[in-house]
Every structure is written in C-alpha cells, then in structure tokens.
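Only one structure is covered here, and it is reproduced in the block below.
The values are calculated or read from the model by the stated rules, or taken from the named source; none is laboratory data. Note that the coordinates shown come from a computational prediction; the quantities given were computed from them, not determined experimentally. FYI the Cβ positions are ideal-geometry reconstructions off the backbone, even for glycines, and counts take in every protein chain you see.
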Amino acid sequence: MRDEYENPLNTRYASKEMRFLFSPQYKFQTWRKLWIILAQSEMELGLPITQEQVDELKSHEKDINFDVAEAEEKRRRHDVMSHVYAYGVQCPKAKGIIHLGATSAFVGDNTDLIQMQQGLVYVRRRLMRVIDKLSEFALKYKEMPQLGATHFQAAQLTTVGKRACLWIQDLLIDLEEIEFLIEVLPFRGVKGTTGTQASFMDLFNGDEEKICELDRRVTERAGFKRCLSITGQTYTRKWDNRVSQVLSGISQSLHKFATDMRLMQGNKEVEEPFESTQIGSSAMAYKRNPMRSERICSLARFVMSLETSTAITQSVQWFERTLDDSANKRLAIPQAFLAVDSMLIIAENISTGLVVYPKVIEKRIRAELPFMATENIIMEGVKKGGDRQELHEEIRQMSMEAGKVVKVEGRDNDLLDRILKNPKFSMTREDLEKILDLKKFVGRAPSQVSLFIENEVRPELNKYNDWKSVDAGELKV
C-alpha cells in the first residue's frame, strides 16, 4: 500500500528468511505448534486427550484462519484467546483441549524465545559468511603495506590485510557471544499464570513428577536443551536484553568496519563496490559515495539504541509481570534482528567486492615515510662515520623544514632530497632506497595475518557448515 507507512527493514533491507521469522504466519503457526506439543505431552501423561484430537490439531497447524482470529480479537481485545477460538473453529473435536492449563505467556513467551533462538542461528550464518569473505581479503593483501593511523594521524606502517584482521577479530568476539547465547537461551516451558504451575497441579491431581515431566517433554519437543525452573508470568526480560546486547555488539563491530571503509574511501585507498550505472550524487556526477558503508553505520546506531530500550523494559517489570513490555518487545526485538540481518548482507556485499588502489596507497606512504624512517637514516649515517647526536639534530631541523613545505606551501615532502644534499649523512639514493624498503616497516604483519586466519578464524568457521549454503542476500537498493 502506497498511502501507509512501511517499515524499510522489510521493504528495503532485510532478507526474506528473517522477515518470515518475525511474520504473523510464523508467529501464529508456532503458537499452534506449541498447543500441539502441549496436548500431545499432556495426553502421554494421562490427561483425557485423544490421538484423534492431536491429529486434528496437527492437520491445521499452518493454515491459519486469520480473518476469524482478527474478527474475534476486535470483539475480545485478547490476541491469544482470539487465536484459541479461531483454531477451535477449524478443529471442533479438539476445541475443548486447546491451551489446556496454559496461560497466554505459554504461547507468547515461548514463541519469542523460539524466534530469538532461530534468529541468532540466522545471524550466526551471515556473520560467518562475512568473516569468511574478509579472511580471503586479508590473506590476499596480507603483504601490501599501508599507512597506519592512530588518532587519524599517520603512524607506522601496517598492511591492508592486517587492518582487515582487526575487523575480523571484533566479529569473532561477536561470534563467540552468539554461540554461547544459542546454547544457554532457555525455554519458558509450562508454568501457569504466575509461574507456580498451580493450574497443572489441579490437572494432574498434585502429581509434581508428572508436571516436571510435562515441562521437560514440552521443552525438548520445542528444540531447547533446558527450561527455566523459576518464572513469574513471563520469563525474565533480562533474556531480551542479553539478546539485544549481542546484536548491539555485532552492530558496534560492523559500524567500526564501515567507518574504516568510509575513511579509506575518502583517502581513495580502498573502495566498496560501485556499479557501472550507480549514481553517487544528483549534482556531482563524479562522486563515488560509500553509501553501503554509510547504511551500515546508520542501521548500527539504530540497533545500539534498542539495547537501552530492552534494558529499561527489564528494569520496570513489577512483581510477576506488567504489560508495558508487550508493545516495546514487538518493536525492539524483531527490528534489531532485521537490522542486523540487513547490515550483514551489506557487509558481505562490500567484503566480496572491495576495490584496492595500490598506487594511491603507496603514494600516501611515500609522503609520510621519510619522517618515519629518520631513526633508520640516523643509524645508517652513524655506520658511515657520523656522530649520532649531531645527525639527530640535523635531521630534526630538516624534518621541521620539510614539514613546513608540506603543510604551509602545499608541496611534496622533500626531506629525502635534503638528506641527500647534506654531506654529514654521506647518503646515496641507493642507500636511501634500501632503507626505505617498505617491507622493513610492516614488522610481522604478514605472518600475523596468516597465523590469525589459520589458528583462530578457520577453526571457528569449520565448526558449522550451515553458513556455506546460505545465499548472499539481495541488496535491493
């Protein structure tokens, strides 16, 4: 519809897979799955439920009669009971045992946890794809010298590949956090209205062993390794915040990566992909704006802000629960997942098509290298019979003069020419070229890249295979 607000995460950015995970269809078919699991487990533990009723529920698990549910919700103002009613319309034989003993949080909270767990698996896959692409890039350019920067000022040389490893390292930390959270994220299970399981005590005539077994069976069938032993009406909203923290962490890492890309593109050293028909500016036709990286930064700020929202929600839950979490959760959690999914799609696109300009990189190095090589030049002058202190003062003065030429007069750095003309150094151009061999200034960067990829990155990527078959995702705009 063109006359209503559309969420751009749906229409412009996120993958179909992630959009479906937080869609009404997935949500309500999961509610029905949980009602089936509950009924089946209750039947097995002796409640008066028949296999025929369970089979009827299964036959309508995914064909949701949304029109009936929506009409009933307008009348009842209760989403869960509206869907219980709609399910009963399709399953008249099982109508009386749907939602037996449960409260709204049974389907609502448990579905939230299922969505978050599956969402983390999706994010892990895309994150691993980005790490893999950046690792290929790092290995390819592990030996290419690049001007390092601290405080965004010229510093000792690094390599293009080594800089990429800084991004990968951050993403590996995020991957570790995701892996841990997927393992420990619990299921709420069947706990009743305030978490005491009082309704199930009535259903099972006080048989606590059966109630515990019901909890265990429902949890296992839902695909979780453990369920919470203590809840109020809801699971503690700290779990929402923990998920938000992980998604925020990924956003921080991607923002850093994208910011570095924007700076390098501004220096014309490394650029993100730019299609042949792409327009950089409506007025300045020559421009190649880093729009993909800028989009990552924009979405990352949004996700980082959502972490605060889930933290506040957790902090204001009164006693066993209040409903001021509901509207917030409907926004904060799905949108955080959709935005992170979007960022990872863009990051993979960038990482796959990075364009490196070696001549520009070398030119920038050559403009700064004479200053960085002064200590090496002094040592070579001493070898030729010079006095270390005297040479230090000479090169200090010449460096100041050369700096003035660069900053005030806007001309090229002429420090090397000054050194060649200074008889106290006794230097030839060949001497200086040997001293200024760029490979001597990158330290162990190339081997650091190789060892890092081999010892830390590849073992993590080899833990899973599901990320390899995931498509790269569509970059819509």
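Of all residues in region 450-476, those being of a type in the set (Val, Ile, Thr) and within 18 Å of ILE173 (Cβ to Cβ) number 2. Filtered by the rule that a residue be crowded, with 23+ Cβ neighbours inside 10 Å, in contact with a helix residue (DSSP H, G or I) (Cβ under 6 Å, 6 or more places away or on another chain), closer than 13 Å to ALA445 by Cα and of a type in the set (A, V, I, L, M), region 124-169 gives ALA138, ALA164. The residues listed here are GLY88, GLY101; of these, the one that is of a type outside the set (A, V, I, L, M, F, W, C) and not in a helix (DSSP H, G or I) is GLY101. Being closer than 27 Å to LYS16 by Cα, touching a residue at least 12 places away in the same chain (Cβ under 8 Å) and touching a Leu at 6+ places or on another chain (Cβ under 9 Å) narrows it down to one of LEU127, LEU157, LEU147, so name that one. Matching residue, one of LEU127, LEU157, LEU147: LEU127.
Does VAL121 satisfy the criteria of being touching a residue at least 24 places away in the same chain (Cβ under 8 Å), buried (at least 23 other Cβ atoms within 10 Å of the Cβ), β-branched (Val, Ile, Thr) and on the phi < 0 side of the Ramachandran plot? Considered against the rule, which asks whether it is touching a residue at least 24 places away in the same chain (Cβ under 8 Å), buried (at least 23 other Cβ atoms within 10 Å of the Cβ), β-branched (Val, Ile, Thr) and on the phi < 0 side of the Ramachandran plot, VAL121 comes out as no. Listed here are the helices (runs of 4 or more DSSP H) enclosed by region 359-477 that have at least 1 residues being more than 33 Å from the chain's Cα centre (by Cα) and in contact (Cβ under 8 Å) with a residue 12 or more places away in the chain: 374-383, 388-407, 415-421, 429-435.
Per the listing ARG75, ARG129, the residue uniquely basic (Lys, Arg), at pLDDT 95 or above and in a helix (DSSP H, G or I) is ARG129. Scanning region 1-48 for residues that are over 25 Å from GLN117 (Cβ atoms), among the charged types (D, E, K, R) and part of a helix (DSSP H, G or I) yields a total of 1.
A single entry from ASP260, ASP215, ASP240 fulfils the requirement of being part of a helix (DSSP H, G or I), among the acidic types (Asp, Glu) and more than 30 Å from GLU348 (Cβ to Cβ): ASP215.
Got at least one residue in region 59-67 being small (Gly, Ala, Ser), part of a helix (DSSP H, G or I) and buried (at least 19 other Cβ atoms within 10 Å of the Cβ)? No, because not a single residue in region 59-67 is small (Gly, Ala, Ser), part of a helix (DSSP H, G or I) and buried (at least 19 other Cβ atoms within 10 Å of the Cβ).
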